[in-house]
Each structure stands twice: as structure tokens, then as C-alpha cells.
Amino acid sequence: MNSLLERFALSSTPAWRVLLAVFFAAPFFVAILVAHGWALATPAVSSALRTPFMWGLQALVLVASVVTWVVAWRLWPVRHQRDPVPTETLLVCQSIGLTYTWITVLAGTFTSSTNLVLMAVLVVGLLLFERKPMVWTYATCVAVLSAYDLGVLAGWVPYAPALRPEVLDAGKPVWWFAWWRQGVVTAGYAVPLVLLLVLFDRLDDLHQRLSHLSYTDGLTGLANRRRFMEALQAELARRDRSGEPLSLIFIDADHFKQVNDTHGHGVGDEVLRTLANWMMTQVRSPTDTACRIGGEEFALILPDTRLEQAQRIGERLGAQCRQHAFVGAHGAFCLSLSMGVVEGRRGQDLPTLMRLADEQLYRAKATGRDRVCVPDVAAEGA
């Protein structure tokens, strides 16, 4: 269910949303046509119905079905295009809304359940479609219901014009009318509940998507700098509690500005995405965290990893980059990486660990680039 909503309602095109409404409305229209056809063909039931109104309702449902399916037929070839489809949206919304409204008018179901359905459909419709067609449809439905209700109060039109007095037997509804009325009331409360659950599901999904976007680099798909800082802080705290090792690698693409200047930013972006893919092959998911912390600068957070292990990871990554030929606007070119690797000590805070990793990265660049630098253990011990 969640994947279906994600595809059709969350990340879909305007045309897909209209198609979704048609697909959900089709069973409702078919059920109405079949149920009313049975009622008209059954003498015990049709005797309590005003058949001209019922046949008129059948014609309305049939017309609405044809309209919605013609719209679906027109939109299916362009369902992946993101252009708005206001006319088609309005046609489908009006067809569904007016059909439901006239069923309500002819059957006399001016109850709270009817209002609940209208409100729930409006709320979900505003999230699926553009505001204008939904507001127009809702205003039309409310106008029809209100005008007819006023006509009933003024004595100009009968209440429930599709029903005869025979629907009541000694003041009680006959069996089929009792079941039908109970079904309307039940649906009136069930439909809004389902729609509101769909709404909250969508809001939860949107919240997760926004949270994901706030922590993800849009170009490479790696964790961004904000996520890097939070993850590193969390791993430092865990390291202090458990005593397990924690290593950090800072990575910088050498002379990356020349790539952009020579081959263009499009090629530069592709290079960064390739580097990100290589980094993901070197990490253990979900234990390690690969990050892009800015420009051509990356980082690997490696919990439960000693300095020697982290150094080997950096060397494998550097060799992979060194042996790869990128293709640019002016031919093939190669790229190298400079890396600084450190292992955090118990009690070290985040700024200190980042400073030490940055120092090793600077040393890698200052001593010729294309290398992995680690702290001098002997010097540190001294």
C-alpha cells in the first residue's frame, strides 16, 4: 500500500493523480449501476422506487463513467509528463462529485455521514490535485445539496424524490431500505477514516522525505555535512562508552578545479558521483558513513576500525581512482585523491578529531598529493 501511494500520490505526475482517481471511482460507479439495475429489475423493490428518477440516476452514472474513462484514455499516453492537466482534473472531480451528490439528493441521505465523506474527500483531494478544480467541485456539490435542502424545507421539492412512501412499512423501513440506509451511514464514517489514514500516511512519508533531504547531498546521495557532524558526534559518544576504536578519513580530489575548468561542471559532477559510488563500495552498511562535506571534499566515518584498517581502505580507494580513466570534453583524464586518516582517542571531542584529520589531509597535499597520510605514532607517543 505504501509503495502504491508513493508511486501514484507522492512522486507522481498530475496526470497520474487523475488516473488514480478514475481507477478508484470505477468500482464505485460499477457497483451503483449493478445495484440500481437489480433494484429496478426486482418488483418487490422497484414498487417502492420512482423509476424515472432512478433511470435518470443510472444515466448520470453512465455518463460520468464514460467521461472519466475518456479522460483516462486521453491521459494514459502522457501519464509520465509533469505538465498540469487542469481541464481533465476538473472533469473527473466534477463527474465523481456530482454523481455522489445526486445519489445523496435522490435518496434523501442528508446526514452527518454525507458531510463527513465530502469533507474527507476534499481534504485528500486538495493534497492530490490542484486547489482550483477541487474547490470548484466542492463548491458545486455544496451548492446543489444546500439548494435542494432549502427546497425541501420550503416545500417546493420532495425529500428523497427517488423513493416512494412504500419504503416504510408501519413506520419502519423495509428490509432492503434498512440495509441500504445502514450501509450509507457505515460508509459515511468508514470512507473518511480510510481517507484520513491515507492522508496521515502521506504526511508521515513527506516528513521522512524532508528529513532524508535535510541529511543527504543532492548530487552524490551521500550524507551531507550536517549528517556528518551529527553522525561523528554520535560515534564519538559511543566510542567513549564502549572503548571500541573509531577512525576518520578526510578525502580530497586533487586539482578538481582544473576538471571543471577544462571539461565543464557536468563532467565534474559525474566525477563526484563516481567517487561517491566508489566510497560506498568501501564501507560497511549501515555501520560506516560516507559523506560529502563540501565541494570535492569527502569523509568516511569508520566505527570499530583501527588506524591500520582505515589506512588500507584509503589506499584501496586511491588505487581505484588512480587506475580509472574519466572521459571529458577534451578526452580522457585521470584523477588522484589525497587523504588524511586518524583514529580517535577516548575523550577526544569532535573539533579535535576533525582538526587532526584535516592536518593529515593537508600533509598529504603538501607532500605531493595522491597519497594517504596517517599520524606518526612514534611522534605522538613522544
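With respect to (1) in contact with a Gly (Cβ under 8 Å, 6 or more places away or on another chain); (2) modelled with pLDDT under 85, the lone exception for residue 157 is condition (2).
Going residue by residue through the range 238-247, is there one that turns out to be touching a helix residue (DSSP H, G or I) at 6+ places or on another chain (Cβ under 6 Å) and either open to solvent by less than 10 Å² (accessible area, probe 1.4 Å) or polar (S, T, N, Q) (or both)? For the range 238-247, residues touching a helix residue (DSSP H, G or I) at 6+ places or on another chain (Cβ under 6 Å) and either open to solvent by less than 10 Å² (accessible area, probe 1.4 Å) or polar (S, T, N, Q) (or both): present.
For the range 282-300, state whether one or more residues are part of a helix (DSSP H, G or I), surrounded by fewer than 21 Cβ atoms within 10 Å (Cβ to Cβ), in contact with a strand residue (DSSP E or B) (Cβ under 8 Å, 6 or more places away or on another chain) and modelled with pLDDT under 90. Yes.
The residue of the range 11-31 that is nearest to the chain's Cα centre (by Cα), among those that are open to solvent by 30 Å² or more (accessible area, probe 1.4 Å) and either hydroxyl-bearing (Ser, Thr, Tyr) or modelled with pLDDT under 90 (or both), is 11.
Has the range 111-119 got any residue that is open to solvent by 50 Å² or more (accessible area, probe 1.4 Å), at pLDDT 85 or above and closer than 27 Å to residue 176 by Cβ? Within the range 111-119 (the criterion being open to solvent by 50 Å² or more (accessible area, probe 1.4 Å), at pLDDT 85 or above and closer than 27 Å to residue 176 by Cβ), the answer is no, since none of the residues qualifies.
Every listed requirement among (1) over 21 Å from residue 374 (Cβ atoms); (2) modelled with pLDDT under 90; (3) open to solvent by less than 70 Å² (accessible area, probe 1.4 Å); (4) touching a helix residue (DSSP H, G or I) at 6+ places or on another chain (Cβ under 7 Å) is met by residue 216 save one, (4).
Looking only at strands (runs of 3 or more DSSP E) that fall completely inside the range 321-360, which ones have 2 or more residues that are loosely packed, with under 12 Cβ neighbours inside 10 Å? Please lay out each step first, then the result.
Details: elements: 326-328, 331-333, 337-343.
It comes to 331-333.
Output the number of residues of the range 301-320 satisfying the condition of being assigned to a loop (DSSP other than H, G, I, E, B) and crowded, with 16+ Cβ neighbours inside 10 Å. So that I can check it myself, show each step before the final result.
Step one: filter the range 301-320 for residues assigned to a loop (DSSP other than H, G, I, E, B), giving 304-306.
Going one step further and asking which of them are crowded, with 16+ Cβ neighbours inside 10 Å, we end up with 304-305.
Final tally of qualifying residues: 2.
Kindly indicate which of 58, 94 is within 16 Å of residue 17 (Cβ to Cβ), at pLDDT 80 or above, over 25 Å from the mean Cα position of the chain (by Cα) and in a helix (DSSP H, G or I). Going through 58, 94 in turn, just one is within 16 Å of residue 17 (Cβ to Cβ), at pLDDT 80 or above, over 25 Å from the mean Cα position of the chain (by Cα) and in a helix (DSSP H, G or I): 94. Within the range 147-181, the residues that satisfy the criterion of being within 21 Å of residue 34 (Cβ to Cβ) and open to solvent by 90 Å² or more (accessible area, probe 1.4 Å) are 175, 179, 181. Among residues of the range 253-279 that are without any contact (Cβ under 8 Å) to a residue 60 or more places away in the chain, those with a Cβ under 7 angstrom from a residue that is open to solvent by 10 Å² or more (accessible area, probe 1.4 Å) and among the polar types (S, T, N, Q), sequence gap 6+ or separate chain, pair up as 268/260; 272/220; 273/220; 276/220; 278/320. Here residue 274 passes the criteria (1) surrounded by fewer than 18 Cβ atoms within 10 Å (Cβ to Cβ); (2) among the hydroxyl-bearing types (Ser, Thr, Tyr); (3) not in a helix (DSSP H, G or I) except the one numbered (3).
Which one is nearest to the chain's Cα centre (by Cα), of the residues in the range 368-379 that are part of a loop (DSSP other than H, G, I, E, B) and over 22 Å from residue 259 (Cβ atoms)? Working first, answer last.
Here is the first cut: in the range 368-379, the ones part of a loop (DSSP other than H, G, I, E, B) are 368-370, 374-376.
Add one more test, that the residue is over 22 Å from residue 259 (Cβ atoms), and what stays is 374-376.
Working: 374: 43, 375: 46, 376: 49 Å.
By that ranking, first place goes to 374.
As a summary of the residue check, residue 144 satisfies the conditions (1) of a type outside the set (Gly, Ala, Ser); (2) farther than 30 Å from residue 89 by Cβ; (3) in contact (Cβ under 8 Å) with a residue 40 or more places away in the chain except for the one numbered (2).
The values are calculated or read from the model by the stated rules, or taken from the named source; none is laboratory data. Keep in mind the model is a prediction, meaning the values are calculated, not measured. Virtual Cβ from ideal backbone geometry, glycine too; neighbours counted across all protein chains shown. The protein model used for the area step is the full one, side chains on, heavy atoms only, and it has no ligands, DNA or RNA in it. Shrake-Rupley method; radii C 1.70, N 1.55, O 1.52, S 1.80 Å.
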